[in-house]
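Taking it in order: structure first as structure tokens, then the write-up.
The values are calculated or read from the model by the stated rules, or taken from the named source; none is laboratory data. Computed from a prediction, not measured in an experiment: that's the story for all the values here. Please note: Cβ atoms are built from the backbone with ideal geometry, for glycine as well, and neighbour counts cover all protein chains shown.
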Amino acid sequence: MKGERKTAPVIRFKGFSDAWEQRELMSVFEFPVSTNSLSRSQLNYDNGEIKSVHYGDILVNYDSILEIAKDRIPFITNGVIDKYKPNLLENGDLIFADAAEDETVGKAVEVDGKINEYIVAGLHTIVARPRRKMAKFFWGYYINSSIYHNQLLRLMQGTKVASISKSNLQKTCIAYPDNFAEQQKLGNFFKQLDDTIALHQRKLEALKLMKKGFLQQIFPKKGEKVPRLRFADFPDEWEQCIVSDFTDKTYGGGTPKTNIPEYWTGEIPWIQSSDLIKDDFFNVAPKKHITEDAIRNSSTKLVPSNSITVVTRVGVGKLAFMPFEYATSQDFLSLSNLKVSLIFGVYSLYNMLQKELNNIQGTSIKGITKSDLLEKSITIPVEVEEQKKIGFLFKQLDDIILFHKNKLNQFQALKKAYLQNMFI
């Protein structure tokens, strides 16, 4: 029957077939503790006897499970244990953030790993405690799934800051398997998935830091002609030049008239700033294509393949290597017929632009003029072989970064799909 609520999830572990329990939250959880209203200024990360979970950390810094031994929880400055003892948290408690500036209101964490610590819940939180023993991790993931969270959207109150009341939260509907073993399998499954996601996130951040360090070490500092880290057998000083020395030909861009649909039915890629992904120089996927007539009747130009294109206005500083012919909007300057190793040229320009971005001036749109960009100082190795080795090193590093980024996205999409299909 249309609108009838499911009694079991779409995907289920083998060996479990009983219908899930469906109850109001308040019949499964009690709300035995009071929360404090301490602001950030009354908390610190240095010392204290009592820790306080702040709603801002629930919304931004914590995942579904609050791991007491790992997650950073602030102390109450000058907190007195006796004052807070009646309201100490326990493992398995759910701490809801009851206010936010967006639809994340109601995000919660499940407390886990508490041993002897004194911990309380702080400003804009609601604490729910299971009335009977439940498998750990199940509720932390269930409560944060869209299956549950979507019903909170219609209960939110407020405009600039949205909130949900304890009474409304208590009346929300929850569904769960009564079988402890099924709860356990679900909780452990999502925890393992989260741990895998966290592993890829850590690898990704470590690789990004490695790349940043290599950029600082392999390219000379301003005013210097020798890098601090270098491939063997290249003793010569680097050569000081300007960006215009890189290239025999430059191209600007433009936008064909959008009120002439025929211009936008061709096969020539026409890129705009939004087509370029920050820090991804080799995977431009043009969304729009134009005709030769569009090029003839506008200020855009057909740029040869194997060029480097740089965003000079909206999204200034983004750049990409283009292995195919293309045209651009007016927000680009393209460098063609390059006099340096192509891949090295990409990273050399990127490194220079990162240093220069803070000096770019503008009014409503920050940008850099064509002449200013071409006059920027840049230092390059004299030997092309050294240029190639440097370019190859950074390209390999970026390929590994992209691999972990894609893996991370895949696992996050997988988690989203499982949350949608393994709960009701």
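Here are a few things to note about the model shown:
- Taking the criterion of being assigned to a loop (DSSP other than H, G, I, E, B), among the aromatic types (Phe, Trp, Tyr) and over 16 Å from Ala181 (Cβ atoms), no residue of segment 128-144 qualifies.
- Within segment 238-260, tally of residues that are aromatic (Phe, Trp, Tyr) and assigned to a loop (DSSP other than H, G, I, E, B): 1
- Flag for Thr309 being part of a loop (DSSP other than H, G, I, E, B), surrounded by 13 or more Cβ atoms within 10 Å (Cβ to Cβ), within 35 Å of the chain's Cα centre (by Cα) and at pLDDT 95 or above: no
- In segment 216-234, the residues that are touching a residue at least 12 places away in the same chain (Cβ under 8 Å) form Cβ pairs under 7 Å with partners that are loosely packed, with under 12 Cβ neighbours inside 10 Å and part of a loop (DSSP other than H, G, I, E, B), at six or more places apart or across chains, as follows: Gln217/Arg228; Gln217/Leu229; Ile218/Leu229.
- Checking each residue in segment 171-192 for being in a helix (DSSP H, G or I) and out of contact with any Phe, Trp or Tyr (no Cβ under 7 Å at 6 or more places or on another chain) picks out Phe180, Ala181, Gln184, Phe189, Gln192.
- Contact map, segment 264-285: residues that are surrounded by 13 or more Cβ atoms within 10 Å (Cβ to Cβ) paired with residues that are basic (Lys, Arg), Cβ distance under 7 Å, separation 6+ or inter-chain. Pairs shown: Trp264/Lys288; Trp270/Lys288; Ser273/Lys318; Asp275/Lys287; Leu276/Lys318.
- Residue among Asp71, Asp46 that alone is surrounded by 16 or more Cβ atoms within 10 Å (Cβ to Cβ), closer than 28 Å to Ala198 by Cβ and not β-branched (Val, Ile, Thr): Asp71
- Unique residue being surrounded by 20 or more Cβ atoms within 10 Å (Cβ to Cβ), at pLDDT 95 or above and more than 18 Å from Thr309 (Cα to Cα) when the list is Phe332, Phe411, Phe344, Phe423: Phe423
- Among the residues of segment 386-408, those that are of a type in the set (D, E, K, R) and either in contact with a helix residue (DSSP H, G or I) (Cβ under 8 Å, 6 or more places away or on another chain) or surrounded by 13 or more Cβ atoms within 10 Å (Cβ to Cβ) (or both) comprise Glu386, Lys388, Lys389, Lys395, Asp398, Lys405, Lys407.
- Count of segment 156-170 residues, restricted to those that are in contact (Cβ under 8 Å) with a residue 40 or more places away in the chain and either in contact with a Gly (Cβ under 9 Å, 6 or more places away or on another chain) or in a helix (DSSP H, G or I) (or both), is 5.
- Tally of residues being surrounded by fewer than 19 Cβ atoms within 10 Å (Cβ to Cβ) and modelled with pLDDT of 95 or more across segment 152-184: 14
- Taking (1) part of a loop (DSSP other than H, G, I, E, B); (2) out of contact with any helix residue (DSSP H, G or I) (no Cβ under 8 Å at 6 or more places or on another chain); (3) closer than 20 Å to Gln387 by Cβ in turn, Phe234 satisfies each apart from (2).
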